[in-house]
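Shown below is the structure under consideration.
The values are calculated or read from the model by the stated rules, or taken from the named source; none is laboratory data. All figures in this text were calculated on a predicted structure; none of them were measured in a lab. With ideal geometry, Cβ positions are generated from the backbone for all residues, glycine too; neighbour counts draw on all protein chains shown. SASA here: full protein model, heavy atoms, side chains in, ligands and nucleic acids out. Shrake-Rupley method; radii C 1.70, N 1.55, O 1.52, S 1.80 Å.
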Amino acid sequence: VDLDRLDAFRQVHGRNASDEVLRHLGRLLDQLSRQTDFVGRHAGGPFALVLPETGTADAVQFAERIRRAFETGAARIAIRFPGPPLTLSLGLAGWSTDVPSADDLLRRAEHALGRARAEGGNRAALTE
């Protein structure tokens, strides 16, 4: 999960404002996730979520719920920090027997995240 255009937002409004947006996203992810899920930052960049025992369809539905909830909160942020709306891109990858390691799973999710961004952002993309 990553914020679209965060660098541009940071240039206009400063690091404190961008940190506030990241904290908002972190709280939102914590609120929407289950007790069995893991939420964290990956390498100081995008947020990573691990959703144990979650099928592809449920993961896609959850990603869309995150995206819509952030969009609603971003409207409140825009009141304090005017400019282009903040949106999220999400990359989804599922664990299967052809994924040999957690690093491979993260690479697949990062690839899907890149596709979501390349398709204009504000969307979720599933690994192929």
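Within the stretch 35-61, can you find the residues that are open to solvent by 60 Å² or more (accessible area, probe 1.4 Å), touching a residue at least 12 places away in the same chain (Cβ under 8 Å) and over 15 Å from S89 (Cα atoms)?
Correct list: T36, F38, V50, E53, T56.
Please name all residue pairs, on different chains or six or more residues apart, with Cβ atoms under 7 Å, provided the first residue is in the stretch 98-122 and is among the aliphatic types (A, V, I, L, M) and the second residue is part of a loop (DSSP other than H, G, I, E, B) and open to solvent by less than 60 Å² (accessible area, probe 1.4 Å).
Once the first residue is among the aliphatic types (A, V, I, L, M) and sits in the stretch 98-122, its partners that are part of a loop (DSSP other than H, G, I, E, B) and open to solvent by less than 60 Å² (accessible area, probe 1.4 Å) give L105/A93; L105/V99; L106/H42; A109/A93; A109/T127; A112/A93; A112/T127; L113/P46.
In the stretch 84-105, what residues are open to solvent by 20 Å² or more (accessible area, probe 1.4 Å), of a type outside the set (D, E) and in a loop (DSSP other than H, G, I, E, B)?
Residues satisfying the conditions are P84, P85, A93, G94, W95, S96, T97, P100, S101.
Yes or no, residue by residue, for (1) among the aromatic types (F, W, Y); (2) within 20 Å of H13 (Cβ to Cβ); (3) under 14 Å from the mean Cα position of the chain (by Cα):
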position: L28; (1), (2), (3): no, yes, yes
position: V39; (1), (2), (3): no, no, yes
position: P52; (1), (2), (3): no, no, no
position: A59; (1), (2), (3): no, no, yes
position: E64; (1), (2), (3): no, no, yes
position: A69; (1), (2), (3): no, no, yes
position: P82; (1), (2), (3): no, yes, no
position: V99; (1), (2), (3): no, no, no
position: R108; (1), (2), (3): no, no, no
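Restricting attention to the stretch 106-122, which residues are surrounded by fewer than 14 Cβ atoms within 10 Å (Cβ to Cβ) and at positive phi?
G120
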